[in-house]
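The values are calculated or read from the model by the stated rules, or taken from the named source; none is laboratory data. All values reported here derive from a predicted model rather than from experimental measurement. Glycine gets a Cβ as well: all are built from the backbone with ideal geometry, and neighbour counts include every protein chain shown. Protein only, heavy atoms only, side chains kept; ligands, DNA and RNA dropped before computing areas. Shrake-Rupley method; radii C 1.70, N 1.55, O 1.52, S 1.80 Å.
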Amino acid sequence: SNFRRVEALHCMGRACQLHVNPQAAQMYFSNALQVIERCGEHEKRAMAHIYSLVLGSLARCYENQQMFMESESLYLTLLSLLKEEPQENRCDIAATLNNLATNYCNSGRVEKAIEMFEQVMEMQTADSAYNPLDVSATMMNMGWCLMESCQYERALSLLEKSVAIRKKCLPHEHVEVANSLRILSACCERVGEIKRATQLAEEALSIASSCLPRNHANIAVCKGTSG
């Protein structure tokens, strides 16, 4: 059946991502999307869940290759699909808006990104169904975007809140704690808080060194920040 074909293609694409083969992953995701697009509307609705997974996977594939217009188009299609069942899909809608806002930030459309991050923050803080770590991720992404637009004080406030949530919800020696400390350190450096920036960078490096392989890229990044 078409459903089984799409499911198999999506699984193959995910396997290629795990083996760091983005070109092959994109091919499988694109083929899966083509199968779906050839289906009638009734069959598409029956495949809504796998359809949304394929759209999201292919959008992230394009974004990782800096194909921002292509990924934007897919994220918007995914949003339209999710909004057909807005209450049931509210967490996925927020996640997709977050991804779309990140896409805008990475492609230089910073003000549009900030506006969308604010929309996501309103959704997440008004509904207890959202995972605190999802809220933390939105704060971190928006904080980074604010840094890119030189709104450092506002960025610092969000990044501090994000770090606090991650420290509360995750083990201390967790890579996401290290990543968030590294970004907070960079923001502190930009506002002239050099001593605090150094302390945060050293903490990030210590955590990354304890939970990642010695030659992992994140350790090199943390060393660069602490140096």
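Structural remarks
- Residue in the stretch 6-13 that is of a type in the set (D, E, K, R) and at pLDDT 95 or above present: yes
- So Ala95, is it assigned to a helix (DSSP H, G or I) and under 20 Å from the mean Cα position of the chain (by Cα): yes
- Within the stretch 191-204, not a single residue is open to solvent by less than 40 Å² (accessible area, probe 1.4 Å), outside any helix (DSSP H, G or I) and either modelled with pLDDT of 90 or more or touching a Gly at 6+ places or on another chain (Cβ under 9 Å) (or both).
- Only residues that are buried (at least 18 other Cβ atoms within 10 Å of the Cβ) and of a type in the set (Asp, Glu) were counted in the stretch 99-113, giving 0.
- Residue in the stretch 177-190 that is within 28 Å of Leu100 (Cβ to Cβ) and of a type in the set (Asp, Glu) present: no
- The residue that is surrounded by the fewest Cβ atoms within 10 Å (Cβ to Cβ), counting only those in the stretch 37-75 that are within 15 Å of the chain's Cα centre (by Cα) and not in a helix (DSSP H, G or I), is Gln66.
- Options Leu74, Leu18, Leu78; residue that is free of Cβ contacts under 8 Å to residues at least 40 places away in the same chain and either touching a Lys or Arg at 6+ places or on another chain (Cβ under 7 Å) or within 25 Å of Pro132 (Cα to Cα) (or both): Leu78
- Some residue of the stretch 130-143 being surrounded by 15 or more Cβ atoms within 10 Å (Cβ to Cβ) and over 16 Å from Asn98 (Cα atoms): no
- Residue within the stretch 88-98 that is within 25 Å of Tyr130 (Cα to Cα) and surrounded by fewer than 15 Cβ atoms within 10 Å (Cβ to Cβ) present: yes
- Considering residues of the stretch 114-129 that are hydrophobic (A, V, I, L, M, F, W, C) and either part of a loop (DSSP other than H, G, I, E, B) or surrounded by fewer than 15 Cβ atoms within 10 Å (Cβ to Cβ) (or both) only, the residue modelled with the highest pLDDT: Ala126
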